[in-house]
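J.: There's a structure below that I have some questions on.
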Amino acid sequence: MKKGLVLEGGAMRGMFTAGVMDVLMEQGVVFDGAIGVSAGAAFGVNYKSGQIGRAIRYNERFCNDKRYCGLWSLLKSGDIYNTDFCYRVVPTQYDPFDFDAYGKNPMEFYVVCTDIETGKPVYHTYGGWEDHGFDWIRASASMPLVSHIVEIDGQKMLDGGISDPIPLRQFESLGYKRNVLILTQPREYRKKKSSAMLFIKLMYRKYPHLVEAMAQRHEVYNNTLAYIEAQEAAGNVLVIRPEAPLPVSRVEKNPANLRAAYNIGRDTATERLAEIRRYLDELGISKNSPKMAICRGSEPQASGIL
């Protein structure tokens, strides 16, 4: 029975996820595989590369940089998170992503995207730099209306959260039956229908299946939450979530708020660490596991969009 890590998206709410993951890495908790959606994919790759702290440092450093994200980037490039800066300059120059460590780690890493021509999810095992650079991660995190469509080998894609926002069932179907799931909304949260459907219909009128998926997105999300709660009650998944809404916006410009969300994640993981170990140790899979390697010393590294 394989053990998995399932990572919801949520843009900068992903700082909570980053905090949880950093504690788990520091404590040597290992998984056979992980699957991430949107920000869950962008931050989750750091688990496979073993680079503790990259997500929080990157975002604290660049959240106010107009090259990174915001209205200026959207007007200049058509992407609210600047493609060139986030997916080329930062991870290859300012704070290199450790592709060597990523490739050597046997943990599988899946990203979820949405095929805009079918409206269906695309599940891709991300192989690293040789696998279209960072394009798979970028596609998974490309939010509709504020991002360009990402095309890979003729397949046109956007945010994986459109079609499968919390891919627990997909991971279970791949044989991952013992999963830790990190959500970025509190237990009582339920998604409402998008208020931007008029704009979505206009912008994506050539892609009716995408429009349909966007119209049904809240239903898919809420039905998935119902499934998760049933699985959680049955002891089939361990869910880590914030107790209250996180103090960050989707495009957060205040580094203090990013750090606050990150620390909530760290505190939550620390408080539940014994529970996580018990859950995994029922299969004898986390006890005495080796520590994750910390790349480039003990100072946390940053990852942001990647």
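The values are calculated or read from the model by the stated rules, or taken from the named source; none is laboratory data. Please read all numbers here as calculations on a predicted model, not as lab measurements. Neighbour counts are summed over all protein chains in view; Cβ atoms, including those assigned to glycine, are modelled from backbone coordinates with ideal geometry. Remember, those area values only see protein heavy atoms, side chains included, never the ligands or the DNA or RNA. Shrake-Rupley method; radii C 1.70, N 1.55, O 1.52, S 1.80 Å.
J.: Return yes or no: is LEU24 among the hydrophobic types (A, V, I, L, M, F, W, C) and within 17 Å of ILE228 (Cβ to Cβ)?
T.: Here the answer is no, as LEU24 does not meet what is asked.
J.: Here's something else I'd like to know. Report yes if GLY14 is in contact (Cβ under 8 Å) with a residue 60 or more places away in the chain, at positive phi and either assigned to a helix (DSSP H, G or I) or of a type in the set (Gly, Ala, Ser) (or both), otherwise no.
T.: Numbers: in contact (Cβ under 8 Å) with a residue 60 or more places away in the chain: yes; at positive phi: no; either assigned to a helix (DSSP H, G or I) or of a type in the set (Gly, Ala, Ser) (or both): yes.
Judged against the criteria, GLY14 is not a match.
J.: Oh, and also: Quick one: count up the residues across segment 33-52 that are surrounded by 24 or more Cβ atoms within 10 Å (Cβ to Cβ) and not in a helix (DSSP H, G or I).
T.: Of the residues in segment 33-52, the ones surrounded by 24 or more Cβ atoms within 10 Å (Cβ to Cβ) are 34-49, 51-52.
Those still in the list that are not in a helix (DSSP H, G or I) too: 34-38, 51-52.
Of the residues in segment 33-52, 7 are surrounded by 24 or more Cβ atoms within 10 Å (Cβ to Cβ) and not in a helix (DSSP H, G or I).
J.: Going through LEU183, LEU174, LEU145, LEU158 one at a time, which residue ends up being among the aliphatic types (A, V, I, L, M), over 18 Å from the mean Cα position of the chain (by Cα) and closer than 19 Å to GLY40 by Cα? Even if it seems obvious, please write down each step before you answer.
T.: Values: LEU183 fails: over 18 Å from the mean Cα position of the chain (by Cα); LEU145 fails: closer than 19 Å to GLY40 by Cα; LEU158 fails: over 18 Å from the mean Cα position of the chain (by Cα).
None of the other options fit; the residue is LEU174.
J.: Right, another one. Could you tell me which numbered condition ASN64 fails, if it satisfies all but one of (1) open to solvent by less than 10 Å² (accessible area, probe 1.4 Å); (2) part of a loop (DSSP other than H, G, I, E, B)?
T.: Against the list (1) open to solvent by less than 10 Å² (accessible area, probe 1.4 Å); (2) part of a loop (DSSP other than H, G, I, E, B), ASN64 comes up short only on (1).
J.: I've got another one for you. Mind checking whether some residue in segment 164-173 is surrounded by 23 or more Cβ atoms within 10 Å (Cβ to Cβ), without any contact (Cβ under 8 Å) to a residue 60 or more places away in the chain, in contact with a strand residue (DSSP E or B) (Cβ under 9 Å, 6 or more places away or on another chain) and within 16 Å of CYS113 (Cα to Cα)?
T.: no
J.: Here is a further query. Restricted to segment 67-92, and to residues that are among the aliphatic types (A, V, I, L, M) and assigned to a helix (DSSP H, G or I), which residue is surrounded by the most Cβ atoms within 10 Å (Cβ to Cβ)? Full working, then the answer.
T.: To start, the set of residues in segment 67-92 that are among the aliphatic types (A, V, I, L, M) comprises 71, 74-75, 80, 89-90.
Okay, now just the ones that are also assigned to a helix (DSSP H, G or I), so 71, 74-75, 89-90.
Details: LEU71: 11, LEU74: 17, LEU75: 9, VAL89: 15, VAL90: 25.
Ranking the qualifying residues of segment 67-92, first place goes to VAL90.
J.: Consider ASP22 carefully, then state whether it is among the charged types (D, E, K, R) and crowded, with 22+ Cβ neighbours inside 10 Å. Full working, then the answer.
T.: Values: among the charged types (D, E, K, R): yes; crowded, with 22+ Cβ neighbours inside 10 Å: yes.
Against the criterion (among the charged types (D, E, K, R) and crowded, with 22+ Cβ neighbours inside 10 Å), ASP22 qualifies.
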